[in-house]
Structure formats: structure tokens, C-alpha cells
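The values are calculated or read from the model by the stated rules, or taken from the named source; none is laboratory data. Here the structure is a predicted model, which means the values were calculated and not measured. When we count neighbours, we look across all protein chains shown, and the Cβ atoms used for this are built from the backbone with ideal geometry, even at glycine.
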Amino acid sequence: MDDSAEESDPYYELAKLAGSLAHEIKNPLSVIRMNMDLLAEDLDDPETPTERRAMGKIRIVQQQCTRLETLLNDFLRFSSLRDLRLSPGNLNDQVDRVLNLFEVQAAKQEVEINRYLDPDLPHILLDEHTLQAALLNLVKNALEATPPGAQVTAQTQTTTTGVRLVLVDTGTGIDNRTAAKMFEAFYSTKDGGSGLGLPTAQKIITAHGGRIAVQSELGRGTQFIVDFPVPKRLPEET
């Protein structure tokens, strides 16, 4: 879609307006957060019942500011994704980097991470920064659903049309209703969740020409299947 077509698209105009509004909200929110932090410093060691109550209220405002900041940042990432800078790359490299980021967290949770990455995987066209953001959301979601002693497994393989990533966790699983709605914006079953992590991941994968599907069973775990096309001819690298 060219720029003139985008600008005449009502959805594009709405997304642009919503993004601008989110930016405007961030400014006064930052001021509120800063002043709450200053008040917390002034009452760092409350002595009277009144000071302790005031400190409790300050903590509540700080927590809500953090939640709003997270929501706004997630929304801005969701609404601002447009053209990607695609270049030849290996899906294995992206998966490996993301899993490495979660090694410490997985060890603390006593969750085992398994990797079965096809060494002969063909290259695809990808935008490293945005694709890693999508994979981060998927792995983070898997770990959050996985209890101690369980496993998260990442497997890549070649298909008849491209390459595939299968991400499986042996966690709590989700019901059919949740599975059907989990890619809807702002839908979340987590306390304090923005409901934009998985929709953003889906949007990024779709922008790469790929598709994502989920299969889950309560008490047994969840499986994400992500497919990417392999172009018939990759552009020359410069």
C-alpha cells in the first residue's frame, strides 16, 4: 500500500490519531509519576499513622502509573507497526537469541528450555528487531503459563511452503474460549496485562507474510505454530 492509499484509509487515520493521543497521555503521566516519586522520597520513613496512610496511597498511585506506562508503550508498539525493513536472515538465529534472554528466568522458575533447531533451515526475509519482539512475546507467554518442573520446547523445521517454528509448553493450558480470543487486542487473562502482547506478535508475523496458530489443552499445555514463507529468490545482500 502506497502512502496516499494509507492516508485515505480510515483505519490508518484512526490508528494515527490513537497513537498521537497515547503520546499526549504519556507526558502528563510522566509528571504524575515524577511527583509521586518525590513525595515517596519525602515520606521515605513514615512515623505517624497519617504519614503511613499517605505513603500507602502514594504506592498505589505509583503502581497504577507503572501499569498505564506499560499499557501505553504496548499500545504504541501495536499501533505504529508499518513497513518493515526485510533482509535475508535465519529464523534459528532469532529464536536462539530470544531463548538466551530467558535462560536465567527459566532457571529461576525451574523450567527446562529445549531447542531442536533444524541446521539446514533456509533463509527467509525478516526484520530482526520486530521479529525478535514477536518471539519475545511468545516465549514470555509460554514461561508465564509454565509451572516448575515443566518444559518449553522450540523446534524449527522446513515445510513445503517455507519454514516453521513450533513453540510448545507443558504448562496449564487454556480453554477453547480463551484460545479463540487471545489474539484480540486488549483481551487478557492476566492481572495487569495489557492484552496487546500476542496481538502485536500476530501483527508482526503477518507483516512478515507469515501466520500463527495456537492449539491448547487444559492441564497439558499450549502449542504455537508459526509459519513463514521462503521467497523463491532472495535479494542480493550488500
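Quick notes on this one:
- If you go through region 86-102 and keep only what is assigned to a helix (DSSP H, G or I) and either more than 19 Å from the chain's Cα centre (by Cα) or under 24 Å from THR160 (Cβ atoms) (or both), you end up with LEU91, ASN92, ASP93, GLN94, VAL95.
- Residue count, region 121-135 (criterion: outside any loop (DSSP other than H, G, I, E, B) and either surrounded by 18 or more Cβ atoms within 10 Å (Cβ to Cβ) or not acidic (Asp, Glu) (or both)): 10
- Applying a threshold of 6 Å to beta carbon distances and a minimum spacing of six or more residues, or different chains, the list of pairs starting in region 117-140 at a residue that is assigned by TED's automatic domain parsing to the domain that holds LEU198 and ending at one that is of a type in the set (D, E, K, R) reads ASP127/ARG85.
- THR130 more than 12 Å from ASP169 (Cα to Cα) and among the hydroxyl-bearing types (Ser, Thr, Tyr): yes
- Failed criterion for LYS203 (all others in (1) under 21 Å from ASN92 (Cβ atoms); (2) touching a helix residue (DSSP H, G or I) at 6+ places or on another chain (Cβ under 8 Å); (3) in a helix (DSSP H, G or I) hold): (1)
- Only one of LEU43, LEU68, LEU81 that is farther than 25 Å from GLU184 by Cα and modelled with pLDDT under 85: LEU43
- Residue list for region 103-120, filter: surrounded by 15 or more Cβ atoms within 10 Å (Cβ to Cβ), of a type outside the set (Gly, Ala, Ser) and in a helix (DSSP H, G or I): GLN109
- Residue in region 22-49 that is surrounded by the most Cβ atoms within 10 Å (Cβ to Cβ), counting only those that are touching a residue at least 40 places away in the same chain (Cβ under 8 Å) and not basic (Lys, Arg): ALA22
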